[in-house]
Structures are given as C-alpha cells and as structure tokens.
Amino acid sequence: MRRLLSALAVTSFLVTGLPALTWAQSLPGLTLFSGIKGENQLPFRLDFGGQANAWDRYILRIPAQKMKLAVGQFAITYPDYYKGTFDPKEIEVRVKGKAVKLSEVKWDKEGKLINIFPEEPVPAGSKVELVLSNVQNPSFGGVYYFNCQVLSPGDVPLLRYIGSWIISIT
C-alpha cells in the first residue's frame, strides 16, 4: 500500500508539474518582489519558449482597461543589459485580433527603444497586442523589464506609462 501511495504521489506531481513548465512563458504568473506593482504588470507570451540565444516571437499585450485614451504611438523601452535583437520589419500591432497598418517602426539600438506608429490612432478601450517577430534572444538568460509608454494624438507630446512586461529568458 505504501508503494502504491508513493507511486501515486510521484505520478500526480509529474502530471501537475509538466503543464506548469509548458505554460511558464505563456503569461506572467505571480511575481513577488519585482519592484513593479501588480496593476502595472502587463501580460505577454513568448511563442518559442524564451530560450537564450534562440529566435522567438514576443506577443506583448495591453489589456483594454489600460487603453484609457486613443494611442498614436507606442514606445517600448528595455534595459541596457538586454543584448537581443529585433527586426523592425517584423513588428505588428493587433487590435482585437486584427492587424493594424503601421506608418513606421523605429528601433533605436543605442537608446534601447522601439517606437511604433500606427497609421490611424488605436481607439481607446481596445485590447492591443504588440507582436515582435524574428527576435534574437540574448545569449545569456535573465529577467528583463520591457516598459510600455504611449502618446495620444493631439495630446501634450509626453509619453505616458502604461505598464511593464517582466520577461524571463532562460
């Protein structure tokens, strides 16, 4: 009986532990001691697992409730110790699941900044996904804070902080 219970315990651990491993990079889970308040943490998905020195696709999400005003520009900043690369030609914006035409995407390597300019402002209250394809992850793993700021059309030309994606590369 003891062996049966031990085998059952090990099996249940494996069955419940494996899905947790596969979902690890699908959305941020509970993050303790990140320095960023929970209401400022944005959801994301890394399509190819977030492996160091590998190609990936980042789907950076902005929930509809964070989109309080229309947006004419998205600015993504990332830390100077992030040594990955981006392909500006493979960046898109999806609003409610549909791709939006972009007028320009600028990647400032030295300034650690990606500016995304939709042709038409993204309406307030929209669920948005910023899709960064052909990303070369850094050679070494780590935790990277990607910050999202937006500029509303006709607004004072100051970027407004929306939140941060806490991305782990393993």
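For Asp87, the shell of other residues with beta-carbons less than 14 Å away shows a net charge of +1, using +1 for Lys and Arg and -1 for Asp and Glu.
In this calculation the C-beta distance from Trp55 to Val156 is compared with R0 = 30 Å, giving a FRET efficiency of 0.20. Across Ser126, Ser168, the residue with the most accessible area heads the list, and the full order at a 1.4 Å probe is Ser168, Ser126.
Packing, as the average of other Cβ atoms within 10 Å across residues, places the peptides 58-68, 128-138, 37-47 in the order 128-138, 58-68, 37-47, highest first. Here the Kirkwood formula, the inverse mean of 1/r across different C-alpha pairs, assigns region 90-170 a hydrodynamic radius of 14.3 Å. Against the criterion of solvent-accessible heavy-atom surface with a 1.4 angstrom probe, Lys89, Lys98, Lys127 sort, most first, into Lys89, Lys98, Lys127. Heavy-atom accessible surface of region 27-170, averaged per residue, reaches 53 Å², computed with a 1.4 Å probe. The accessible-area ordering, largest first, of the residues Trp55, Trp165 stands as Trp55, Trp165, per a 1.4 angstrom probe. Taking every alpha-carbon pair within region 45-128, the share separated by more than 15 Å comes to 62 percent.
The values are calculated or read from the model by the stated rules, or taken from the named source; none is laboratory data. What you see is a predicted model, and the numbers here were worked out from it, not measured in a lab. Quick reminder, even Gly has a Cβ in these numbers, built from the backbone with ideal geometry, and neighbours come from all protein chains shown. For accessibility, only protein heavy atoms count, side chains too; no ligands or nucleic acids. Shrake-Rupley method; radii C 1.70, N 1.55, O 1.52, S 1.80 Å.
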